[in-house]
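Worksheet: the structure to be examined is printed underneath.
The values are calculated or read from the model by the stated rules, or taken from the named source; none is laboratory data. Note that this is a predicted model, so its numbers are computed, not measured. Here the Cβ is made from the backbone with ideal geometry for all residues, glycine too, and neighbour counts use every protein chain on show.
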Amino acid sequence: MAQRKKIALIGAGNIGGELAALAARQELGDVWLFDIPEKIGVAQGKALDLEQNGAVLGYDAAICGTSSWDDLAGSDVVIVTAGVPRKPGMSRDDLLSINLKIIRRVAENLRTRCSDAFVIVVSDPLDAMVYAMKEGTGFPSERVVGMAGILDSARLQLFLAREAGVAVKDVRAMVLGGHGDTMVPVPSYCTINGIPARQLVSAEKFAAIVERTRNGGAEVVKLMGTSAYYAPAASAIQMAKAYLNDEKRLIPCAAYLRGEYGYSDLYIGVPVVLGGRGVERIVEIALDPGEKQMLDNSAKAVRELLEASKKL
Ligand SMILES: NC(=O)c1ccc[n+]([C@@H]2O[C@H](COP(=O)([O-])OP(=O)(O)OC[C@H]3O[C@@H](n4cnc5c(N)ncnc54)[C@H](O)[C@@H]3O)[C@@H](O)[C@H]2O)c1
C-alpha cells in the first residue's frame, strides 16, 4: 500500500511555519518541523497548532516538531530555511558567514539520514547556500535546488499586473540570475495572456517595475523588520509539489550548471523542468545582448560569493 510522503522542514521560523501550514492544507504528506534544541518548543507548538487547525479546516496530516535528526530519516522532500534572515539595511550577502556554518551542519545530517530526498534550499544568500548544500550532502545536482526565481518572478508579475490593470494570474514573468541585487528580470519573456507585456506597459514604467522587483525583498524587510515569508513559502511548496506529483513544471530555480548559458560549477537562477526526477532539464532560452550581459554580471557576483565561501 502506498505510504504518505514525508516532508522535512529544517527551520521552524517564519517561513518554516508557513511551509508547514501549506504542506498540511494541501495534504502533501506528513510534516516534520525541525529546529535547534533551544527552539524545540516553537517547533512543537506550531506543529500542534497546525494539527488542531486540521480539525477546523478538514485536512489530515501528522505534523510533529522535533530537534532530533533521526526523526527526519527517509524524508522524501526536505525544505531548508535554517539560518538568520535580513534586518533592515542588510544585504543577503551579509548573512554569508552565519548561514554558511548552519547550512554545512544541516547538510552533514541530511547526507546520512535523507540520502534519497529532494532538497530545496531557501536560506540566504541563496546561490551560495544551495551550492554548499550540494557540496555537503554529495547528492546529485538534480536533487538539490534553490528557491528564488518563482518568488522574484511573482513580484514582477504583481507589479506588472497592477500597472497594466489586469488580473495577476494572467501575467507570466521571468526573473533569472542570482537571488541578489544583480538578479535579471527578463522583459522579453514577460507576457500578459500571450501578449508581450511591453505592448501594455510603457518602457519607463517597465524600467521602474524592474527596479522595484530587484528591491522587492528589501522593501518588505524595511516595512516589517524581517524577511517576507508567505510568498517565499508558497514558492517552495510549488517546487515540492512539482517533484512529488511529477508535474514537469517549467519554472525558474537556482540550478547547478555544467556549461549551460556558458557557466560551469555554479548555481544560478535559470528556467528548469521540475518533475519526479528533480531538475529534469535546464532550458536554455535566447537572451538579447543586454539581458545576457546582465546575466553575466549576476553570474560574476555569485562566483565572488562562492570564492568568499571557500575562505570561511
Ligand atoms: N530564497 C528566498 O527567496 C528567500 C526569501 C525570504 C527569506 N529567505 C531566507 O530564508 C531564511 C529563513 O527566513 P525566516 O524568515 O524563516 O527566518 P526565521 O529566523 O524566522 O527562521 C529561521 C529558523 O532557523 C532556525 N535555525 C537556526 N539554526 C538552525 C540549525 N542549525 N538547524 C535548524 N534550524 C536552525 C532558527 O532557530 C529559526 O527558527 C533566511 O536566511 C532568509 O534570508 C530566502
Inset, instruction - Would you check which residues across the stretch 73-97 are more than 11 Å from the ligand (Cβ to nearest atom) and within 13 Å of ILE7 (Cα to Cα) and list them? - result: ALA73, GLY74, SER75, ASP76, VAL77, VAL78
Inset, instruction - Could you please find all residues in the stretch 85-100 being free of Cβ contacts under 8 Å to residues at least 40 places away in the same chain, over 14 Å from GLY11 (Cα atoms) and assigned to a helix (DSSP H, G or I)? - result: ASP94, LEU95, ILE98
Inset, instruction - Would you list the strands (runs of 3 or more DSSP E) that sit entirely within the stretch 208-312 and hold 2 or more residues that are over 18 Å from the mean Cα position of the chain (by Cα) and closer than 28 Å to PRO140 by Cα? - result: 264-275
Inset, instruction - Out of the residues in the stretch 151-189 that are touching a strand residue (DSSP E or B) at 6+ places or on another chain (Cβ under 7 Å) and away from the ligand (no atom under 16 Å from the Cβ), state the one that is nearest to ASP127 (Cα to Cα). - result: VAL186
Inset, instruction - Return yes when GLY54 is more than 21 Å from CYS114 (Cα to Cα), out of contact with any helix residue (DSSP H, G or I) (no Cβ under 8 Å at 6 or more places or on another chain) and away from the ligand (no atom under 11 Å from the Cβ) and no when it is not. - result: no
Legend entry - Residue that is modelled with pLDDT of 95 or more, closer than 30 Å to ILE7 by Cα and surrounded by fewer than 21 Cβ atoms within 10 Å (Cβ to Cβ), where the choices are ALA231, ALA301: ALA231
Legend entry - Positions within the stretch 33-50 being crowded, with 17+ Cβ neighbours inside 10 Å and either more than 18 Å from THR81 (Cα to Cα) or modelled with pLDDT under 95 (or both), in sequence order: LEU50
Legend entry - Residue check, ASP60 more than 16 Å from the ligand (Cβ to nearest atom) and more than 18 Å from SER75 (Cβ to Cβ): yes
